[in-house]
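To keep things clear, I will list the structure first and then write my remarks on it.
What follows is calculated from the coordinates using simple rules that are stated; it is not laboratory data. Since the structure is predicted, the reported quantities are computational estimates derived from the model, not experimental observations. Positions of Cβ are backbone-derived with ideal geometry, glycine not excepted, and every protein chain shown enters the neighbour counts.
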Amino acid sequence: MKKVFLQLIVMLISTSAFSQLNVENFSYGTPTATTADSLTNPAFGGSAWRRHSGTGNPITYKGTSLSFPGYASSNIGGSVGFKFLTASAEDANRSIIPYTSGQVYISFLLNMSNAGGTTADYFFFLMDTSAITSFRARHYIKSGSVANTFNIGINKGSAATPVYSPTNYALDSTLLVVVKYSFHPTANDTVYTFIFPAGSTIPTTEPAPTLVTTDITTADIVTLNAVGIRQGTIGTMIGTIDGIRVSNSWANSPLPVKFISFDAQTNDDGATVLNWSTSSEINNKGFEIESSNNGKEFKTIGFVSGAGNSNSVNRYQFQVTENFGSYYRLKQIDFDGQSNYSEIVSVKGSDDEIQFSPNPFSDNIQISTKQEINLIEVIDMTGKVIISKNPEANQFNLNTTELLSGIYFIKIYNSENVILKRIIKSN
């Protein structure tokens, strides 16, 4: 049955909050490659994640991350793996900023390697920690209608039959899932799910949902204050979750502080000037300016305060007072300490000196420069060189079929300088 009132003080606290945000990028360091790699191990996520059910067979902490171009928590930190077994397995939850009204958006990346069969079970849910078994917005997995695919289903709670996606999603491909829990003061709460397959562009405004469920027989959440990951005993599902973001704003859950532009220029006095702009900011404390001589190792050389919360265009400038290096990037920092990086720009080499086509790319990149290319390196987000070629030509077709989808940096060496650009691989 629907709750009809809340304590006045709770209503005042919840309605006064503005664009609150939680982020879980699973940035817990290096795994041990042993059974100690449990999400609830105090050495990793154990200070935040707690087991509430099951024994043994932990949710596994991984050192690698999932990527989805344009997503704020793409390719950051690590990730966690879950699987369904006939034996008992660990289930865990993490507290979030509590919500009692309005809209709550919970986004995460999902990659399934085994769909588990035609009998579905749920793996992700929302909860009120005062009712440890009252799991809401349950998300289910089952095999799709064709081989090597799966379907996602949702229900509000155990009393309702899940509603499944009309689309089959490919195994071993990363999806972006956005869950919306909508509190209603006089009606039943509603759960929505938005699913974006690999290669999708994240819309800047809320689109029509992929799935919707309202269940009048299941009680509503009084206080939404935790997210949970479950490992069941039905089927053989195996998957990875990464980049959980929680907010009361569509623009802040799946989307980051949005950069419009970022460039490095030399002024009339010969000094380097960095200019950048954003179209929206939520909880933005500011930007650390970082420089590098080689495009890999960066150091902080300054700080510029952000706008905090803004839905209008903000323009920023920073003048480099010393010769710190040729490469620059911005580390955007939230008030809660979470951070994201901008692309890397170089004061040497403008857009007309090197051209890439296309970007984002799929299997090949056509590279064209004014000078002969001596060396091409493709570098992943950890700084590891994935591809190295010596074209000794002005134009070169770079085959990238061996790369997974995600964000990379391409480094071009010629006789005068080194140019570094960010590139995005999509399916």
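Observations on the structure shown:
- For segment 177-221, the relative contact order is 37 percent, taking Cα pairs closer than 8 Å that sit 6 or more residues apart in sequence and dividing their mean separation by the residue count.
- Three-way shape call for segment 42-156 based on the alpha-carbon gyration tensor, with the a/c threshold at 1.5: rounded
- Residue-averaged 222 nm ellipticity for the chain, from DSSP H runs of 4+ at -39500 (n - 2.57), nearest 500: -500 deg cm²/dmol
- Calculated FRET efficiency for the pair D269/T167, C-beta based, R₀ 41 Å, to 0.05: 0.15
- Taking one quarter of the surface of the convex hull spanned by the alpha-carbon atoms of the chain gives a direction-averaged projected area of 22.1 nm².
- When the Gaussian network model of the chain links Cα atoms closer than 10 Å, the mean-square fluctuations of Q103, Q371, Q332 top out at Q371.
- Residues whose amide H falls under 5 Å from that of I344, counting only those 5 or more places apart or on a different chain, are R422, with hydrogens built in the peptide plane.
- Under-5 Å amide H pairs with H52, H placed in peptide plane, nonlocal only: D91, A92, N93
- Modelled FRET efficiency - R0 41 Å, N309 with F356, Cβ distances, 0.05 increments: 0.75
- Contact order, relative form, for the chain: 15 percent (alpha carbon pairs under 8 Å, 6 or more residues apart, mean separation divided by residue count).
- Three-way shape label, segment 8-247, alpha-carbon gyration tensor, a/c 1.5: rounded
- Note on segment 354-425: Rg/Rh from C-alpha atoms, Kirkwood Rh, equals 0.92.
- Taking amide H atoms as placed 1.01 Å from N in the peptide plane, the amide H of I76 lies under 5 Å from those of L66, each 5 or more residues away in sequence or on another chain.
- Charge context of E290, other residues only, Cβ under 9 angstrom, K/R +1, D/E -1: +2
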